[in-house]
Amino acid sequence: MTKEDLSIDEYNPYYQQYIQKAGDATILNGLQENGDATIEFLESIPEEKLEYRYQDNKWTVKEIIQHLIDTERVFTYRAMCIARKDKTLLPGYDQDEYAVNSEANNRSMISLMNEYKAVRLASIILFESFSAEMLPRIGIASNSNLSPRAVAFITIGHENHHCEIIKERYL
């Protein structure tokens, strides 16, 4: 299943910007390959750049890594709820409050990368558990339609987006 299988009814149009950046892989291959590429890239960033901000009000690289982790956790929780036919309306989350309160800059890069790897592995295993019938199910998250398969491609593209930002503005 690739992003070409998605219907526009499976996600908020805002997420199209991320889905476009998700590449052409299937869900499982995409999550694995994207995770591997992200790990290689993030681990190559010089230590002196990890707490750098290109503007006063922007996140550091460590905060971006924590944001990727937090966002993946939130979105995969949504995917699990929807796949399991939980009709609970899933709330949004305030990414800026998460970043401010994450204390990411007090963590080591090894700690952040271990958490990133664990979350990505958990995401892959979760998506492996979904049947073909579960992936296109529609639920409501942040007052918009969302499917588990859209979550996978949003996650991949969102990560690619932030890696591009790091390359362009931080290095």
Which of the residues spanning the range 8-24 are of a type outside the set (S, T, N, Q), open to solvent by less than 60 Å² (accessible area, probe 1.4 Å) and in contact with a strand residue (DSSP E or B) (Cβ under 8 Å, 6 or more places away or on another chain)? 10, 11
Could you tell me which numbered condition residue 151 fails, if it satisfies all but one of (1) in contact (Cβ under 8 Å) with a residue 60 or more places away in the chain; (2) open to solvent by 10 Å² or more (accessible area, probe 1.4 Å)? (2)
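Let me confirm something: among 78, 107, 120, which residue is surrounded by 14 or more Cβ atoms within 10 Å (Cβ to Cβ), under 30 Å from residue 166 (Cβ atoms), among the charged types (D, E, K, R) and in contact with a Leu (Cβ under 6 Å, 6 or more places away or on another chain)?
On the way: 107 fails: in contact with a Leu (Cβ under 6 Å, 6 or more places away or on another chain); 120 fails: in contact with a Leu (Cβ under 6 Å, 6 or more places away or on another chain).
The unique qualifying residue is 78.
Looking for whichever is in contact (Cβ under 8 Å) with a residue 24 or more places away in the chain, assigned to a loop (DSSP other than H, G, I, E, B) and under 21 Å from residue 142 (Cα atoms) here; the options are 23, 92. Which one fits?
Details: 23 fails: under 21 Å from residue 142 (Cα atoms).
Exactly one residue qualifies, and that residue is 92.
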Looking at (1) part of a loop (DSSP other than H, G, I, E, B); (2) in contact with a Leu (Cβ under 6 Å, 6 or more places away or on another chain), which one does residue 51 not meet, given that it meets all the others? (2)
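The values are calculated or read from the model by the stated rules, or taken from the named source; none is laboratory data. What you are looking at is a predicted structure, and each value in this text was computed from that prediction instead of being measured. All Cβ positions, even for glycine, are placed from backbone atoms using ideal geometry, and neighbour counts span all protein chains on display. Heads up: the accessible areas ignore ligands, DNA and RNA and are worked out on the full protein's heavy atoms, side chains in. Shrake-Rupley method; radii C 1.70, N 1.55, O 1.52, S 1.80 Å.
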